[in-house]
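A.B. asks: Handing you this structure, nothing more for now.
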Amino acid sequence: MPVVTTEARHHPLYVPLPSAPPTAAPPAPAPAPVPALRLAPERLRTAVVVGAGAVALLWGLQARASARLDALFATGAHLTGLLAGYGVLVLLLLMARVPAVEHGVGADRLARWHSRGGRYVLGLIAAHAALALCGYAVHTRTDLVTATGDLLSYGAIAAATAGTALFVAVGVTSARAVRRRVGHETWRAVHLSGLLAAALGFVHQLAGPDVAGSLVTVWLWSMAHATVGVLLVWYRIVVPVRAALRHELRVAEVRDEGPGVVSVLVQGRGVARLRAEPGQFFRWRFLRRGLWATALPFSLSAPVRDDTLRITVKAIGDHTRRIRRLRPGVRVLASGPFGALTAHRRTRRKVLLLAGGVGITPLRALFETLPGGPGDITLLYRASDAGGLVLREELEAIARERQAALHYLLGPSDGSFDPLAPRALRNLVPGLAAHDVYLCGPPAMMRAATASLLRAGVPASRVHKEDFDHA
Ligand SMILES: Cc1cc2nc3c(=O)[nH]c(=O)nc-3n(C[C@H](O)[C@H](O)[C@H](O)COP(=O)(O)OP(=O)(O)OC[C@H]3O[C@@H](n4cnc5c(N)ncnc54)[C@H](O)[C@@H]3O)c2cc1C
């Protein structure tokens, strides 16, 4: 099948693009990495629900039936408190970067679950505090202000109150409108204080009647916390530091790819052992002034070759602007690989890769490596104009080499013709409903494309996405 280069071809103002000069096909990638262990999202969800059930059972075993108002408040406070403690553990586990979870569930989905779960946990903490306060006030026949003063004189309750204040700060700075204003570094610093809040909550739970009621529950609760603590330290500190020492990554080359876009080639020892798969990303820390303090997520824009990793970065903010000034030799710390937008998600022979803007990066690597014969793989690449197409020559070389279909969908997003409308997609991709779709692009484009794909008959379970807004 020939390469088809189309500029929203049903549009009345359609102008064919000048064809790019032929380029040599890229060298063969390294052999496919050994499949990683992956936990399916449904399994993780089931495990979390079963865990919550076990916590409720623990509460049920300790609860004593009573119709007294203070006892009803107290028992409600115990249930919400235990579930909140368990919820905090789950939130930490989701962010521990355990490879089987990262590769199976995907970093963006984990981040979304973490964010939604955080709201539930805050609700449970608020309910716990209100019920405990009311229970105490009824029991001691005092008003709520006196009850609050009394309760705060207990060390474990003062600790829990401080922890709650920190959790509220985490919640407030994570609200979309606030997060946009405070900047990533501030958001991250406040978020880290959630660890202290979790520790203060743990102290409080150990002093409470449900956990402290028996040595077995104290042991089980402590073991659960210790396990999550060890996973956090291991995967977020030990593994990246060990990888940095082992691979000694350095910038090998910075290549201009067009206006505001560069590719960075990073080389090191035994990089193949990282088992990075096309479609995955790393969190990169370039040890240079202005960049070392932040780990920035960037997808691999090419499969791993000759101990070299490649990313392609669009300058949109302070950090990404500094990346184009990197020089060969700069040390790099890369933690990963992360992400589940890989070949293992595929369930059908036919695959549509649908990219928007710099979202082409993971799909470029998949375009080259997803197994398939002539006509099995189609890449649709949406951009506002031809100048916004990144890695274009490579894409055309791959399309020619693999006899894969490649269409550019150009034009403003508010134009009269919508190349992502269900009918337009069905015209471009015959048998669309029988495809797996890999989707990556700006949030608005991803939302519009997902809605169109569903309306065009692609089941949601076959739309696989990487969201550059969540990680
Ligand atoms: C999984 C994933 C893969 C990505 N792959 C690519 C890629 O291949 N090429 C590319 O050009 N861009 C990619 N991005 C986007 C890229 O990470 C951001 O554009 C970049 O971090 C912005 O940094 P900045 O300081 O220059 O911009 P800012 O203007 O400071 O930030 C712009 C946006 O990026 C977010 N952001 C900033 N710093 C971080 C950080 N340390 N971690 C997470 N988010 C952050 C901010 O919350 C904000 O929404 C990817 C993002 C994710 C989540």
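Values quoted throughout were computed directly from the atomic coordinates according to the rules given, and no laboratory measurement underlies them. Computed from a predicted structure; not experimentally measured. Cβ atoms come from the backbone with ideal geometry, glycine included; neighbour counts cover every protein chain shown.
A.B. asks: Can you work out the Karplus-derived ³J(HN,Hα) for every residue in the range 300-308? Use 6.51 cos²θ - 1.76 cosθ + 1.60 with θ = phi - 60°, whole Hz, and x for glycine or proline.
C.D. replies: Calculated HN-Hα couplings, in order: 6, 9, 8, x, 5, 9, 6, 6, 10 Hz.
A.B. asks: Take Val88, Val262 and order them by how many other Cβ atoms sit within 10 Å, fewest up front. Write out the running numbers ahead of the final one.
C.D. replies: Values: Val88 27, Val262 20.
If I rank by nearby Cβ atoms, fewest first, I get Val262, Val88.
A.B. asks: Sticking with this structure for a sec: Once the principal axes of the Cα atoms of the chain are found, what is the range along each, listed largest first in whole angstroms?
C.D. replies: On the principal axes, the chain reaches 84, 49, 39 Å in Cα extent.
A.B. asks: Counting Lys and Arg as +1 and Asp and Glu as -1, what is the net charge of the other residues whose Cβ lies under 14 Å from the Cβ of Ala404?
C.D. replies: Numbers: positive: Arg349, Lys350, Arg364, Arg400, Arg402; negative: Glu368, Asp376, Glu394, Glu396, Glu401.
Here the count lands on 0.
A.B. asks: Taking the chain as the reference, fit the longest principal axis to its C-alpha atoms, fit the long axis of helix 107-140 to the helix C-alpha atoms, and give the angle between the two in degrees, 0 to 90, nearest 10.
C.D. replies: 10 degrees
A.B. asks: I'd like to know which of Thr46, Ala162, Ala127 lies farthest towards the positive end of the charge dipole of the chain, counting +1 on Cβ of Lys and Arg and -1 on Cβ of Asp and Glu.
C.D. replies: Most positive-ward Cα: Thr46.
A.B. asks: Let me ask something else. Once the Cα gyration tensor of the range 350-429 is found, what semi-axes does its equivalent ellipsoid get, as square roots of 5 times the eigenvalues, in whole Å, sorted largest first?
C.D. replies: 21, 15, 9
A.B. asks: Would you work out if the range 41-242 is rounded, prolate or oblate? Take a ≥ b ≥ c from the square roots of the eigenvalues of the alpha-carbon gyration tensor; rounded if a/c is under 1.5, else prolate when a/b is larger than b/c, oblate otherwise.
C.D. replies: Values: a/c = 2.01, a/b = 1.48, b/c = 1.36.
Taking the square roots of the gyration eigenvalues as a ≥ b ≥ c, the range 41-242 is prolate.
A.B. asks: Something else about it: Hey, what angle do you get for helix 184-207 against the long axis of the chain, alpha-carbon based, 0 to 90 degrees rounded to 10?
C.D. replies: Helix 184-207 sits roughly 30 degrees off the main axis of the chain.
A.B. asks: Next question, about the same structure. Across the range 52-64, in residue order, what do the Karplus-derived ³J(HN,Hα) couplings come to in whole Hz, using 6.51 cos²θ - 1.76 cosθ + 1.60 with θ = phi - 60° and x for Gly and Pro?
C.D. replies: So the Karplus estimates, Gly and Pro as x, are 5, x, 5, 5, 5, 5, 4, 4, x, 5, 8, 5, 10 Hz.
A.B. asks: Could the peptides 376-382, 241-247 be put in order, highest first, of the mean number of other beta-carbon atoms found within 10 Å of their residues?
C.D. replies: Working: 376-382: 24.6, 241-247: 15.0.
Those peptides, ordered most packed to least, come out 376-382, 241-247.
A.B. asks: Is the C-alpha gyration tensor of the range 107-165 telling us rounded, prolate or oblate? Criteria: a/c under 1.5 is rounded; beyond that, a/b larger than b/c is prolate, otherwise oblate. Mind showing how you got there, number by number?
C.D. replies: On the way: a/c = 4.90, a/b = 2.50, b/c = 1.96.
Taking the square roots of the gyration eigenvalues as a ≥ b ≥ c, the range 107-165 is prolate.
A.B. asks: Please report Ile237, Ile323 as a ranked list, fewest other C-beta atoms within 10 angstrom at the top and most at the bottom. List each step's numbers first, then the result.
C.D. replies: Details: Ile237 11, Ile323 22.
Listed from fewest to most nearby Cβ atoms, that is Ile237, Ile323.
A.B. asks: Would you tally the net charge around Asp376, using a Cβ to Cβ cut-off of less than 10 Å, leaving Asp376 out, and scoring K and R as +1, D and E as -1?
C.D. replies: Its environment carries a net charge of +4.
A.B. asks: Give the span of the range 388-452's Cα atoms along each principal axis, as three whole-Å numbers ordered largest to smallest.
C.D. replies: Principal-axis extents of the range 388-452 (Cα, largest first): 32, 29, 20 Å.
A.B. asks: So, one more: Let's see if you can work this out: charge +1 on each Lys and Arg Cβ, -1 on each Asp and Glu Cβ, no other charges. What is the dipole magnitude of the chain about its Cα centre, in debye to the nearest 20? Mind dumping the intermediate values first?
C.D. replies: Values: 54 positive and 30 negative charges, 100 e Å.
It works out to roughly 480 debye.
A.B. asks: Could I ask something else about it? Enumerate the amide H contacts of His464 below 5 Å, restricted to partners 5 or more residues apart or on another chain; note that Pro and chain-start residues carry no placed amide H.
C.D. replies: So His464 has HN proximity to Val437, Tyr438, Leu439.
A.B. asks: Another one. Using Cα atoms only, what is the angle between the long axis of helix 392-402 and the major principal axis of the chain, expressed in degrees (0 to 90) to the nearest 10?
C.D. replies: 80 degrees
A.B. asks: Using +1 at the C-beta of Lys and Arg and -1 at the C-beta of Asp and Glu, which of Leu420, Leu300, Pro442 has the Cα lying farthest in the positive direction of the dipole of the chain?
C.D. replies: About the Cα centre, the residue reaching furthest to the positive side is Leu300.
A.B. asks: Can I ask one more? If a/c stays under 1.5 just call it rounded; otherwise compare a/b with b/c (prolate if a/b is bigger, oblate if not). Do that for the range 334-386, with a ≥ b ≥ c from the square roots of the Cα gyration tensor eigenvalues. If you can, show how the numbers build up before the last one.
C.D. replies: Values: a/c = 2.20, a/b = 1.01, b/c = 2.18.
It is oblate, given that a/c is not under 1.5 and a/b is not larger than b/c.
A.B. asks: A further question on this structure: Would you work out which of Trp187, His204, Leu265 lies farthest towards the positive end of the dipole of the range 170-278? Charges go on Cβ: Lys and Arg +1, Asp and Glu -1.
C.D. replies: Of the candidates, Leu265 comes out farthest on the positive side.
A.B. asks: Could I ask something else about it? Quick one: net charge of Ala40's neighbours, Cβ under 12 Å, K/R +1, D/E -1?
C.D. replies: Details: positive: Arg38, Arg43, Arg45, Arg109, Arg345; negative: Glu42.
With Lys, Arg at +1 and Asp, Glu at -1, the net is +4.
A.B. asks: If you don't mind, another one. Using unit Cβ charges (K, R positive; D, E negative) and no other charged atoms, how large, in debye to the nearest 20, is the dipole of the range 343-466 about its Cα centre?
C.D. replies: Values: 16 positive and 11 negative charges, 118 e Å.
Roughly 560 debye for the range 343-466.
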